Amino acid sequence: MYTILIKRMGHPNGLAPLFSFGVITDVQYADIPDGYSFHGVPRYYRNSILVLQRAVKKWNNHQNIKFSLNLGDIVDGKCPKDQSLDVVCKVIKEFENFNGPTYHIIGNHCLYNLPRSKLLPLLSIPSHHPHAYYDFSPIPEYRFIVLDGYDISAIGWPHDHPHTIQSLNFLNEKNPNSNKDSPNGLVNLERRFVKFNGGVGKEQLKWLDNILQDAKNSNQKVVVCCHVPLDPGSTSNDSILWNYEEVMDVIHRYDCVKVCLCGHDHHGGHSVDSHGVHHRVLEAALECQPGIDAFGYIDVFEDRLSLIGADGMVSSEMVFKR
């Protein structure tokens with residue numbers, strides 16, 4: 001059996017975790033006045049870097065945070081483009097104040113500001129150049145897989161790149177709106193066919209299958225990370241990976257995958273799919289009004305992940321299916 005428990009602080013078991021790691025997503029810093037999302041939700045562009053600073057301080061004070069995980073979008077698309085490089089570097093320097101490594105995931109707002117060729121080296125992503133998927137094992141018993149959710153995308157690649165052309169043709173087939181960021185007129189899961197989402201390519205799918213096979217052979221538990229959510233139950237219909245079904249078909253071949261961590265949908269969410277895999281979409285730092293924080297850390301155990309969130313990030317107990 002598996003369990004979802006939602007609470008604000010702490011976890012029920014007094015056992016020491018195998019390790020812990022910090023989490024934050026959608027900082028989307030920009031040195032511009034506060035504004036609103038397309039849905040009218042307030043966004044605090046200058047405050048978000050303060051949330052990140054407090055997260056790093058919290059992680060450092062904890063003293064047992066092995067690494068931090070940024071689930072994407074460190075800078076906002078509204079950042080003036082002549083400031084993009086400086087702003088990205090400014091946010092990266094804040095992450096570098098953490099006393100340990102930070103693993104970054106690219107998001108759509110990152111790619112609005114800088115092309116992959118500049119962005120990936122700045123984020124120290126150990127990429128399959130010029131792709132941004134990779135894996136790492138903080139301890140022998142666990143492996144983390146970072147997916148590139150904009151592998152197939154109309155943003156971030158050169159205008160004449162095959163992935164750009166393929167993606168624009170795909171969007172023209174799926175989305176009749178002149179503004180491809182708009183889901184107007186699309187219904188249910190069709191609403192995911194917008195430009196600010198993306199997909200995972202065939203080469204990456206083969207890589208994912210090989211990594212999961214190796215993790216299974218090594219008796220490792222796996223956490224999959226992606227900026228764009230992978231399960232409709234955890235997010236809104238317009239915030240899901242274009243080909244999430246293909247990705248989950250690969251993941252569901254292996255019992256070793258226990259949790260998927262994502263960002264992108266600022267409201268956050270939590271679901272357990274038909275195979276018992278937890279999908280936790282984390283709340284965005286950007287939409288924290290001053291005095292509220294959205295970040296946390298995750299205690300990793302043999303049988304579960306426990307997210308301990310600040311006041312703007314709901315704590316979650318992700319107990320594995322046995």
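The values are calculated or read from the model by the stated rules, or taken from the named source; none is laboratory data. Quick caveat: nothing in here was measured; it's all calculated off a predicted structure. Ideal geometry is used to build each Cβ from the backbone, glycine not excepted, and the neighbour counts take in all protein chains shown. Note: accessible area is taken over every heavy atom of the protein model, side chains too, but ligands, DNA and RNA are not part of it. Shrake-Rupley method; radii C 1.70, N 1.55, O 1.52, S 1.80 Å.
Residue count for the stretch 191-211 under the criterion of being more than 21 Å from residue 109 (Cα to Cα) and touching a helix residue (DSSP H, G or I) at 6+ places or on another chain (Cβ under 7 Å): the result is 3. I'd like to check something: does the stretch 56-71 contain any residue that is in contact with a Leu (Cβ under 6 Å, 6 or more places away or on another chain) and either assigned to a strand (DSSP E or B) or farther than 19 Å from residue 313 by Cα (or both)? Within the stretch 56-71 (the criterion being in contact with a Leu (Cβ under 6 Å, 6 or more places away or on another chain) and either assigned to a strand (DSSP E or B) or farther than 19 Å from residue 313 by Cα (or both)), the answer is no, since none of the residues qualifies.
Check the stretch 229-238 and report whether any residue there is in a loop (DSSP other than H, G, I, E, B), in contact with a helix residue (DSSP H, G or I) (Cβ under 9 Å, 6 or more places away or on another chain), of a type in the set (Gly, Ala, Ser) and open to solvent by less than 40 Å² (accessible area, probe 1.4 Å). Among the residues of the stretch 229-238, not one is in a loop (DSSP other than H, G, I, E, B), in contact with a helix residue (DSSP H, G or I) (Cβ under 9 Å, 6 or more places away or on another chain), of a type in the set (Gly, Ala, Ser) and open to solvent by less than 40 Å² (accessible area, probe 1.4 Å), which makes the answer no.
Picking from residues in the stretch 37-86 that are farther than 21 Å from residue 227 by Cβ and among the hydrophobic types (A, V, I, L, M, F, W, C), the one that is least open to solvent (accessible area, probe 1.4 Å) is 65. Restricting attention to the stretch 40-54, the residues that are farther than 16 Å from residue 109 by Cβ and either in contact with a helix residue (DSSP H, G or I) (Cβ under 9 Å, 6 or more places away or on another chain) or in a loop (DSSP other than H, G, I, E, B) (or both) add up to 3.
Which ones in the stretch 211-226 are among the β-branched types (Val, Ile, Thr), open to solvent by 20 Å² or more (accessible area, probe 1.4 Å) and part of a strand (DSSP E or B)? Lay out the reasoning, then the answer.
We begin by selecting, within the stretch 211-226, every residue among the β-branched types (Val, Ile, Thr); these are 211, 222-224.
Still in the running and open to solvent by 20 Å² or more (accessible area, probe 1.4 Å): 211.
Selection gives nothing.
All told, residue 58 falls short of being touching a residue at least 60 places away in the same chain (Cβ under 8 Å), in contact with a Pro (Cβ under 7 Å, 6 or more places away or on another chain) and not β-branched (Val, Ile, Thr).
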